[in-house]
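Reviewing the structure listed below.
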Amino acid sequence: MGNTHKNERTNVSPRGGISRSSEETSVIEAEPRADINQRCLMSQPTGNELNSHQKSFVIPKELIWNAYKRVRDNHGAHGVDKMSLRQLERNLPRHLYKLWNRMSSGSYHPSPVRLVEIPKKDGKLRPLGIPTVLDRVAQTAVKIILEEKLEKVFHPDSFGYRPGKSSHQAIAKTRQRSWNYDWVVDLDIQSFFDNLNHELLMKAVKVHSDSKWINLYIQRWLKAPLEKQDGTLKIRDKGTPQGGSISPLLANLFLHYAFDLWMVRKYPQCPFERYADDMVVHCKTQDQAYRMKEAIESRLRECCLTLHPVKTRIVYCKDSNRRDKHIHHSFDFQGYTFKPRGAINPRGQCFISFLPGVSRASLKHMREQIRVWKLHRRSSESLSELSENINPVVRGWVNYYGRYYRSSLYIIVNALDERIVKWTMRKLRMPRGAAWRRVKSIREQQPNLFAHWIFRQGQATG
């Protein structure tokens with residue numbers, strides 16, 4: 001944690017404990033380690049704890065334990081202290097007890113946030129702030145409390161990072177409304193997470209939280225500096241780092257007041273979908289769409305945010321019944337591109353509908369991943385080993401991007417099969433035609449061997 005007191009005792013045995021027989025000890029050791037760790041955490045009192053009025057804040061130990069379990073299930077990288085989850089678990093009760101003790105006494109201060117830059121689908125870099133594992137546990141504890149309160153007030157068309165909500169739900173709602181509304185305002189907030197105003201955010205937090213310790217620690221997390229790769233620290237006076245456990249919840253809270261409630265109050269006739277800072281607004285006419293864009297731009301400026309001048313645009317939802325001309329006929333939302341696409345009605349007639357399909361940026365990202373795998377060169381592995389290595393990722397692609405307009409994903413299916421055929425040619429020293437026939441035969445015998453072969457089922461040829 002960084003601020004360890006030299007002589008602080010954090011692993012104190014209970015006073016007046018009952019001695020155990022060897023038989024009793026063996027029974028305890030046979031219990032699941034998670035249960036043992038939880039009871040160890042729960043059973044470590046100090047003199048201050050025995051006089052609970054001396055604690056600055058009342059924080060249940062069970063809350064810290066439940067927060068740890070969520071962090072454990074989400075995995076994640078280490079922070080600036082380089083402590084991984086596995087290292088934390090080597091002395092789990094001691095670390096969690098120390099965290100609880102400091103949070104309860106008000107002496108908890110988060111470590112700097114490790115800055116990591118990861119490539120985006122458009123080739124640019126996205127800055128991520130990775131807190132330490134223990135800081136993520138502390139943030140998750142606050143998230144557990146706040147989330148229960150905020151879920152009751154969040155708008156139903158806010159889908160991002162919420163229990164019971166998903167990207168597919170947002171996409172389905174966007175598809176439905178794009179059929180009923182001719183125009184869309186495709187909104188992109190420039191560097192949203194980096195520019196969140198701390199003062200406005202804390203004002204929103206205090207509307208829903210009168211807990212002094214929650215408000216105190218949220219303020220400290222917002223102010224925690226970023227540690228760059230060269231070890232230098234960057235002081236922050238705005239923004240909340242992507243990568244923090246509580247950042248998505250704070251982002252939703254900020255936009256709940258900056259956008260959602262404002263839209264309901266000012267423009268109830270224009271429905272919207274929002275996934276974190278990814279937003280679309282539906283309008284009936286072109287004039288209404290342009291006025292809406294200007295109004296939203298002004299509103300976000302009041303909240304210290306800026307719309308991206310290029311990525312924010314007005315889109316016409318063109319189809320067989322809407323044939324007017326406009327410069328933009330498509331927009332991207334949650335990895336899908338909404339645009340005019342061929343469709344067949346229940347009577348078997350072809351027409352043009354405004355539909356979502358996997359976006360070009362998503363296809364590019366998947367093709368790059370396939371190239372990185374270099375499947376055709378891994379001739380030392382068996383076909384089963386190849387499938388075991390790539391299926392978790394490919395299954396995710398299939399489940400997410402195959403939900404709508406599945407045919408737009410065929411390019412990835414073909415690219416994967418092409419690599420498998422090249423692997424077969426190299427492994428079995430076969431010509432291309434024979435390798436294709438071999439792969440097709442395997443696919444017919446083991447249709448579930450590769451996750452993407454579900455797209456091939458029912459096709460006459462490979």
Compute the FRET efficiency between K152 and D210 as 1/(1 + (r/R0)^6), taking r as their Cβ-Cβ distance and R0 = 25 Å, and round to the nearest 0.05.
0.95
Using eta = 1.306 mPa s and T = 10 °C, Stokes-Einstein with Kirkwood Rh from Cα pairs puts D for the chain, in µm² s⁻¹, at 61
5 angstrom amide H check on Q242, placed H, neighbours 5+ away:
G129
Classify region 262-392 as rounded, prolate or oblate, taking a ≥ b ≥ c as the square roots of the eigenvalues of its Cα gyration tensor: rounded when a/c is under 1.5, otherwise prolate if a/b is larger than b/c and oblate if not.
oblate
Given backbone amide H placed at 1.01 Å from N, residues whose amide H is under 5 Å from that of T306, ignoring those fewer than 5 places away on the same chain, are Q190
Leaving out ligands and nucleic acids, note down the accessible area per residue over region 402-443 with a 1.4 angstrom probe, in whole Å².
54
Along the principal axes of its C-alpha atoms, what lengths does region 338-420 span, in descending order and rounded to whole Å?
51, 25, 19
Per 0.36 nm of contour for each residue apart, how much would the distance between Q219 and S379 grow if the chain were fully extended, relative to their Cα-Cα spacing?
52.2 nm
Enumerate the amide H contacts of Y336 below 5 Å, restricted to partners 5 or more residues apart or on another chain; note that Pro and chain-start residues carry no placed amide H.
S359
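Sorted by mean Cβ packing within 10 Å, highest first, what order do the peptides 66-73, 442-449 take?
The densest-packed peptide leads the list: 66-73, 442-449.
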How big is the gap, in Å, between the Cα center of region 369-384 and the Cα center of region 222-271?
40
Nearest 5 percent is fine: what portion of the DSSP beta bridges confined to region 138-296 is antiparallel?
85
Apportionment of accessible area to carbon and sulfur, the chain, percent (1.4 Å):
48
Extension reserve of the I344-D324 stretch, reckoned as 0.36 nm per residue once the Cα distance is removed
5.0 nm
Given only helices, namely DSSP H runs of n ≥ 4 each adding -39500 (n - 2.57), what is the per-residue ellipticity at 222 nm of the chain, to the nearest 500 deg cm²/dmol?
-14000 deg cm²/dmol
Beta bridge orientation in the chain: antiparallel %, DSSP, nearest 5
90
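The values are calculated or read from the model by the stated rules, or taken from the named source; none is laboratory data. Nothing here was measured: the structure is a model prediction, and the numbers come from that model. Quick reminder, even Gly has a Cβ in these numbers, built from the backbone with ideal geometry, and neighbours come from all protein chains shown. Accessible surface areas use protein heavy atoms only, side chains included; no ligands, DNA or RNA. Shrake-Rupley method; radii C 1.70, N 1.55, O 1.52, S 1.80 Å.
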